[in-house]
Each structure stands twice: as C-alpha cells, then as structure tokens.
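Rule-based calculations on the coordinates, nothing more; no lab input. Bear in mind the structure is a predicted one, so any value in this text is a computation, not a measurement. Here Cβ is always computed from backbone atoms with ideal geometry, including for glycine, and neighbour counts include all displayed protein chains.
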Amino acid sequence: SGESGAGKTESTKLLLQHIMNLCKGNSQLEQQILQVNPLLEAFGNAQTVMNDNSSRFGKYIQLRFQKNTVQGAKLSEYLLEKSRVVQQDTGERNFHIFYYMFAGLSSEEKEMYGLLDPSLYRYISGRFGTQDVAQRWKHKYQEVCNALDMVGFQEQEQVDMQAILAGVLSLGNVTFEPEESNGSVKVSEASRGWLKAAAVSHKKVNNLSQLVCCVPRSPWSPSVSSCSLCADARDSIAKVAYGRVFGWIVCKINELLAENVDPEVELREIGILDIFGFENFAVNRFEQLCINLANEQLQHFFNHHIFQLEQAAYKEEELPWETITFNNNEPILDLLLAKPLGLLSLLDEQSAFPQATDKTFVDKLNSSFKGNLHFQPGRGRVLGFSIIHYAGKVQYTAGGFLEKNRDTLPANIRGLFINSVTPLLSMLFTGKSLCYDRASHVNQGPPWQELSHSLMVLMERMYSANPHFVRCIKPNSQKEPGVVDNQVVLLQLRYNGLLETIRIRRDGFSWRPSFEEFAER
C-alpha cells in the first residue's frame, strides 16, 4: 500500500520476480506469470499528474504452490477507471495501450483498423508525444505483443481486440446535431466518416447511428438536450466496450494460468495485493472517492492486525504492557459505509429518484452529516464537499456523482454488440465465453456497490490469511528520481501509522514463534 506514485506496482513486479526465482524452476508457467504485469499495465495503467504509470484498477494475484513449485495463478481485478476512456484532466492521458498502438502499428495495420493521425482523436485529447516518447511507446507495443503471445492469446483474438480499441477511438469523434424538420437528433454530416470507422462493418452504420440517436429523453434530467444525451450514450458505449475487453483479458489470463493438478491435491497460496493508491488531485471525482474508500479499508485492516490483535495477545498472556494508541479510522468508514445513512447509501437513495440532482445529493449530505468531524460542506461556487480521510482532507467535486453511480447503458445497445461482425465483441456481450461469466450482465448494479462487494470478499480473504505489509513511501511530489523531501516522507510515516508501528515493534515482541518452532530451533 501507499499513495499514488509511491512504487506499489514496481514493488509487486520485483516481489513476483523474487518468488519465481526462489522456485528455482524455469518453467513456461513462471515466465507466463511474469509477462502478466506488462500486459495489464498497458490496458489498465495511465499517466496522471501524480504518477506517469498509475494503476487505474486494483489487482490481487494468487500464486498456487505444490511443494516449492508454482502450479498456477489467478488474478482478480477491481474497479477499472472506465471514465478515463472518454475524459482526462489536464496533464493526464488515456490508457497506455492507445498510444502504444499509434506508435507500434505499421501503416498497413493502421489502415486496416481505420486509424488516422493521433492528433485527430478526441478521446486522447488530440495529444500524442515527442519523437523520443513515441519511440519508447513503439518498444512498449512490441512488449505487449510479446506478452500476448507468451501468455497464449490467439492471433485472431489480438486482431479483434485492436479492432475494438480503434473503433472506440473513432466513436469518440462522432458528434450530433438537431434534425431541422422534426426536432430529433442525427449524427452530424461532418462526423459520418468517424461513424463508419467505428461501425467496423458498413452494414452496421445505420444501426449504430439510429441506436445512439434514439436514446429516450432521460427520466433523470428532462431538461438536458437530446444532443447531450446522445453524446452520453456514445461515451457509455465506449466505456462499456473498453471495460469488457479489459475484463476479457483478465479472464483469458486466468484460463491460461489455471493450475492443472489433481483436485484432491491441496495447494498452498501466496497472494499479492497491488491496489490503487490514495489520491488527492486538484479536482477529485467519484472515482477518487471509490479509490480512497478502498485505501481506508486497507488502513483499517492494517490497524486491526498490527495494533488490536497484537496488543490483545500481550494482554491475554498477561505481559506487562502499556497500551499504544493509534489513529482509528472506523468513524470515517462509518461515515462512508453505514446503512441506511452513510454517504454511499445516501448516494444510492438519490440515484433511485428520477428528480434528484447532484445538488439535492449534496444538500442531503450537508443535512445528514452536520457536526460530523470527518465531513465538511463545500465552500465557494463549485458544488462539492470534503472528507477528512486518514491521509488528510480531500475536497470532492459532486458533479457527475449520480450519473456515474447509475452507470446506465441504453438497453437497445446490447443487441447491436451481440450482432457485431467482430467475433470477440459479440462474444463479450452474449456471455458465450467460458471465462467471462459477467458478460451477460450489461448493468451490474452501481459501480460503488460492485466495488464494495469486491472489497468485502477481498477483506474476508485477507483476514483469513497471514498478512505481511509492504508500505511504499513516496520520496517527493515532483516525480523526480534521487530526491527525498523530508516533509513529504514524514507526512506519510505519520498518517500510515508507521511511527506507532515502530514503537510496537521496539517495545513489543516483533517475532513470536510457536512453542514447536522454538523447541525445534
């Protein structure tokens, strides 16, 4: 754990290499496991203002062993930041894979996928990079292709996947205009070419055009213009298509890395959790709240294990012990997760009301949490609120909270995907893949509920295991190598509870062997 840019993903890669090296084997499976990370980074990481290679999803890697040999691996992913596909803030980029494709594909391949100059695409903000950067991306693209081959993806699957990604980029350039004769909405003449590129098959152009434009007037916001609703529908299609591709990659990896042993054989397991770090940007949205909630839960688990369980053991054995206090973040978790009056329950409640807006949601928070030490109403013109997290105060912009929690995709879009001429896209929405068991559900409930359920399952797993904590500390806020900013480091040591941890390690019993282990030594 650690804040964004502290080195969690790099540490995970080193730890995996170390474990594979300790296996002393040189099996194909071990090499495949090491190739998983560069693959996931290409599709799930992006440049942010805090980190040039920021994980925009959480992952839990389970390695399964028989004796000292790795027999299989399984990957679980949490809350991919799909909104990044359609929008990035200043100084940020879309997912790496889009840039790698532009730099790495040959002219013939680009023509096959209908890709033009990168500066033309809205979803990558028309920004590309310098010649040096493009050269590095070209090398990265080759790494991704090698990783796909090594893990076991078929050539046709790789082609289909890139066709979908190119289609997503083209879709982002489709714009809308009012139909003068009857007041309905149509795809603008200027963007018909982009629509053709996005539709892959020309037969599908009219279907796609009709479906995106025939979005019913929203019950959530009757005053919103039809053009704006069509743009929302377009972005929903792009987000869900990218999310499905990412989920399929993870499922495919699990299929290829599954252990092939007798079910009677009991395997031992090492799990590595590399989850998105705590974030506090100039503008913090719904995604940052979900990320910071996950970090609150991890901090609570750390406190429980390091302080509560350990001190309870000393008390039970009647050792002379002066209790060490720590910053308990339970009140913050209650503020966020309590039912029926926690912040996320109130968000669900408001999301269910057709007349509710982001403003009514914020008004509800202000009245419900008046006097709560961890909540502050927003100040100034921007609609929002602040939460005093374990790692400090974060100001959230409330715009888009309800829409993102509803996360709706027009129902008639699903049929379009199912009938796609691209086999992979069709499969992702019919649920005919053996591994992609979530594919038949276009809407899986509000994103935070999905995250909350995933985290609950993860925490149960963690509480039943014997955890080791790797605390990653960020040396400076400028993304500079070889520079240590003492104040930045000290702040992290404080809010992570590491000063108290050092005290309990120094005053307590940092190594507690069983009687059997002691006698054997």
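Only the Cβ atoms of Lys and Arg (+1) and of Asp and Glu (-1) were treated as charged; on that basis the dipole of the chain about its Cα centre amounts to roughly 1100 debye.
Take the Cβ atoms of Glu189 and Ser119, set R0 to 25 Å, and the FRET efficiency comes out at 0.70. Charge tally for Phe353 (other residues, Cβ to Cβ under 15 Å; Lys, Arg +1; Asp, Glu -1): -2.
Straightening the chain between Ala519 and Leu309 buys 73.1 nm, computed as 0.36 nm per residue apart minus the Cα-Cα spacing. Electrostatic bookkeeping for Ser368 treats Lys and Arg as +1 and Asp and Glu as -1; over the other residues with beta carbon under 14 Å from its beta carbon, the sum is -1. Taken along the Cα-to-beta-carbon direction at a fixed 7 Å, the label points for Lys370 and Glu10 span 4.9 nm. In units of the compact-protein estimate 2.2 N^0.38 Å, the stretch 252-349 shows a Cα radius of gyration of 1.58. The C-alpha atoms of the chain define a longest principal axis, and helix 358-368 lies at about 30 degrees to it.
Compactness ratio for the chain: Cα radius of gyration over 2.2 N^0.38 Å (N = residue count) comes to 1.04. The Rg/Rh ratio for the stretch 462-521, using Cα coordinates for both the radius of gyration and the Kirkwood hydrodynamic radius, is 1.15. Under the simplified labelling scheme, the Arg471-Arg379 pair shows an inter-label distance of 3.1 nm, with each label point 7 Å from Cα along Cα→Cβ.
Applying 1/(1 + (r/R0)^6) with R0 = 25 Å to the Cβ-Cβ distance of Ile324 and Asn280 gives a FRET efficiency near 0.35. Computed from Cα atoms, the angle from the helix 486-495 axis to the main principal axis of the chain rounds to 80 degrees.
Extension gain for the segment Glu450 to Lys110, taken as residue separation times 0.36 nm less the Cα-Cα distance, is 118.8 nm to one decimal. Stretching Asp149 away from Ile270 to a fully extended chain increases their span by 41.0 nm, per 0.36 nm per residue minus the current alpha-carbon distance.
Remark: relative contact order (the chain) = 18 percent; criterion is Cα-Cα distance under 8 angstrom and separation of 6 or more residues. A straight line joining the Cα centroids of the stretch 1-64 and the stretch 289-338 runs 27 Å. Based on the Kirkwood approach, the hydrodynamic radius assigned to the stretch 1-147 is 16.9 Å, with every pair of different Cα atoms included.
Against the longest principal axis of the chain, how steep is helix 131-151, in degrees 0 to 90 to the nearest 10, with axes from Cα atoms? It works out to around 80 degrees. If one puts a single equal scatterer on every Cα of the stretch 344-407 and applies the Debye formula without solvent, what log₁₀ I(q)/I(0) results at q = 0.14, 0.22, 0.28 Å⁻¹? Once normalised to I(0) and log-transformed, intensities are -0.39, -0.93, -1.30. Between Ser510 and Lys24, the FRET efficiency estimated from the beta carbon spacing at R0 = 45 angstrom works out to 0.95.
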